[in-house]
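First comes the structure, then the notes that go with it.
Readers should treat all values here as calculations from the given coordinates under stated rules, not as data from a laboratory. Just so you know, these numbers come straight off a predicted model, no measurement behind them. Cβ placement follows ideal geometry from the backbone for every residue including glycine, while neighbour counts extend to all protein chains displayed.
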Amino acid sequence: MRYAKVIIDLSSREVDKCFTYSIPEDMQINEGDLVRVPFGHRHIEGFVAEITETSEIDPEKLKPINEKVTESIILPELIELAAYMRRKYSCTSADALRVMIPPQLRGSKVREKKIKIAELASDAETAQSSCKKAGLQSEVIRLLEQGAMPLGDIEKAIRGGGAACRALAKKQLVVIKDSAVRRAPAIDEGGRSCFDPVLTAEQSCAANELVNAIGSGERFLLYGVTGSGKTEVYIKLIRELLARGKSAIILVPEIALTPQTVGWFHARFGELSAVLHSRLSPGERYDEWQRIKNGEAKVVIGARSAVFAPVEAPGAIIIDEEHEGAYISEKHPRYDARDIAAERIRISKGVLVLGSATPSIASFMRTRPQIRPENRLKLLELNQRVLGRSLPECCIADMRTELAEGNKSIFSAKLQRALRECMDDGKQAMLFINRRGH
């Protein structure tokens, strides 16, 4: 007899533990499966955290699992990650596991999309000889000579073709079967090149450091000025990971940035790339999640929640614009995707890359030698823009000096002069204020 330890899908702390159930002999259950079990007077879903051959509880007192809802919905490493979230964010195991999967997968709300496909059951000549007097059916057979086609496409090509096709199926001249269809998100590659450019000396040095760290669990801060080509360094690392049969997760701070980033990576990696964010339709999110879980997509791009993508032992997690506050969830559990990524990398022994032109103070301080090794980030710098492009001219005004010289305005004298010159030339100016609500 086999037994399953199940985490009940309830947020209550009173039931925040594993409950043991017996596994029926005719049911194949594995760790990570979503199952339906009897719980009190109800039947409720739960996550299988562990399979055992023995039970500390009398088997006669154990209830059997009712059914398997979804297979391998949670990877074993994500169950370990949920335990980390439970400790760090003071949430229940169910709360942690719930954010790791699309809501559509719980309760079987979304399923695989299927369409009807028709194909010839025998050679076209035999089929044509059996329906010489049925002109519409003959047209359908000629169309199917080109290969299998969806019934909807046949109807568009030949008015009444769908009914004729079903009639041919009754004569066993045509086979109509279900075929799964992927609901793919719209991707605008925007004419981006699919070729990798030659890296600069700085880019090559940074990329080699990252490649050499594959499998080490090492963590890096890639500090590169705007336009220094951090994305090309990411791509070099991902190329090497794919060559070694590994996967990568790339996080961007805002959903608004995701289409641009997805287009960039899709141009380079094609069907090996997938996207996960909340603005996908339920069907698109389900299909992308399944592609990742099945290993069809090796490069996952998305916003904060993509850190939980069902990638088995990711070779790298890359967090672009790591300084952004959008990586912190505002909903319970209020996790920080950067912390989650660091823990996933610790488990998988991959590479963590935090990239930014303006790193957060917390991340930059972690590159200092006095930081404990287990918390330290290795600093990689890109100080030059690609193609020798110059950086914009910047000026810092010390407002203490301005005040001492009698300027009580919130604008420095130099800024005021620059604005007057701009207006006199008939041009426009933009002033950015770095605090919300001011």
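Before moving on, here are some points about what is shown:
- Crossing angle, helix 337-348 versus the chain [Cα axis fit, 0-90 degrees, rounded to tens]: 60 degrees
- The lysines within cross-link reach of Lys298, meaning a Cα-to-Cα straight distance under 16 Å and a gap of 8 or more places when in the same chain, are Lys236, Lys246.
- Cβ-based charge dipole, the chain, positive-most Cα from Val252, Ser216, Leu387: Val252
- Mean-square fluctuations from a GNM of the chain, with a 10 angstrom spring cutoff on Cα atoms, peak among Lys177, Lys156, Lys63 at Lys156.
- Dipole magnitude of the stretch 395-438 about its Cα centre (Cβ charges: Lys, Arg +1; Asp, Glu -1), debye to nearest 20: 240 debye
- Normalised by the number of residues in the chain, the mean separation of alpha-carbon contacts (under 8 Å, six or more apart) gives a relative contact order of 14 percent.
- Cβ-derived FRET efficiency at R0 30 Å, Arg279 paired with Ser90, nearest 0.05: 0.55
- Fluctuation leader among Ser204, Ser363, Ser138 - the chain, Gaussian network, Cα springs under 10 angstrom: Ser138
- Extending 7 Å from the Cα toward the beta-carbon at both Ser122 and Val175 defines two label points whose distance is 1.5 nm.
- Tensor-based shape of the stretch 395-438 (alpha-carbon gyration tensor, a/c under 1.5 rounded, otherwise prolate or oblate): oblate
- The length gained on full extension between Asn383 and Ser409, counted as 0.36 nm times the residue separation minus their Cα-Cα distance, comes to 5.9 nm.
- Answer label, with log10 I(q)/I(0) by the Debye sum over Cα atoms at q = 0.09, 0.13 Å⁻¹ calculated from the coordinates and candidates (i) -0.55, -1.16; (ii) -0.63, -1.25; (iii) -0.78, -1.17: (iii)
- Taking the number of Cβ atoms within 10 Å of each Cβ as an exposure proxy, the fewest-first ranking of Met85, Met430 is Met430, Met85.
- Pairwise label distance in nanometres, Phe195 with Lys427, each label 7 Å out on the Cα-Cβ vector: 3.6 nm
- Exposed chymotrypsin sites (Phe, Trp or Tyr not before Pro) absent: longest stretch of the chain, with sites in DSSP loops and at most 15 other Cβ within 10 Å deemed exposed: 196-410
- Rounded to 10°, Cα long-axis angle of helix 76-89 versus longest principal axis of the chain: 40 degrees
- Of Thr261, Thr92, Thr226, the residue with the greatest mean-square motion in the GNM of the chain, using alpha carbon springs below 10 Å, is Thr226.
- Cβ-Cβ FRET estimate between Ile361 and Lys61, R0 fixed at 60 Å, reported to 0.05: 0.60
- Here Met100, Met1 are placed in order of increasing Cβ neighbour count within 10 Å, fewest first, which gives Met1, Met100.
- Nearest-ten-degree value, helix 161-170 long axis tilted from longest Cα axis of the chain: 50 degrees
- Neighbour net charge for Leu143 - beta-carbon separation under 13 angstrom, K R +1, D E -1: -2
- Look at where the Cα atoms of the stretch 47-93 and of the stretch 287-342 average out, and the two centres are 22 Å apart.
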